[in-house]
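Novice: Mind looking over this structure? Questions follow.
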Amino acid sequence: MEGESKTKTLPVRSGRGDPSRFPTKGRPKGTKNKYSKLRDSLLDAFEQTGGTKALVEWGMKERNKKEFYKLIVSVLPKNVDIELDGITQAIQINLVDFSKADDGE
């Protein structure tokens, strides 16, 4: 068999449904992903440092109010979908820092 190639041509598999793309089937059922673990750790730390009561006390201090409101704004949704009469409307929320606004004085 002179001149014959010794390479073997395999069928090409592609696409999302191709099981050979991933060595496993993912996380075992019931296992938390790393973000859930991080969230749980942060919530535990929050509770161990005084929880809501400590956060309120910290936020009430005049020197912390600006940071407190920044924290609140950082966890608010930036986009909201509202459905009225079967029509869904996406709304983007833009927050304005009024502390930097010129009050005309």
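Novice: Could you list, in sequence order, all residues of the stretch 44-66 that are surrounded by 11 or more Cβ atoms within 10 Å (Cβ to Cβ) and either small (Gly, Ala, Ser) or at pLDDT below 90 (or both)?
Specialist: Residues satisfying the conditions are Gly50, Gly51, Ala54, Gly59.
Novice: Select, from Tyr69, Tyr35, the only residue that is aromatic (Phe, Trp, Tyr) and either at pLDDT 95 or above or under 19 Å from the mean Cα position of the chain (by Cα) (or both).
Specialist: Answer to the check: Tyr35.
The values are calculated or read from the model by the stated rules, or taken from the named source; none is laboratory data. Quantities reported herein were computed from a predicted structural model and do not represent experimental measurements. When we count neighbours, we look across all protein chains shown, and the Cβ atoms used for this are built from the backbone with ideal geometry, even at glycine.
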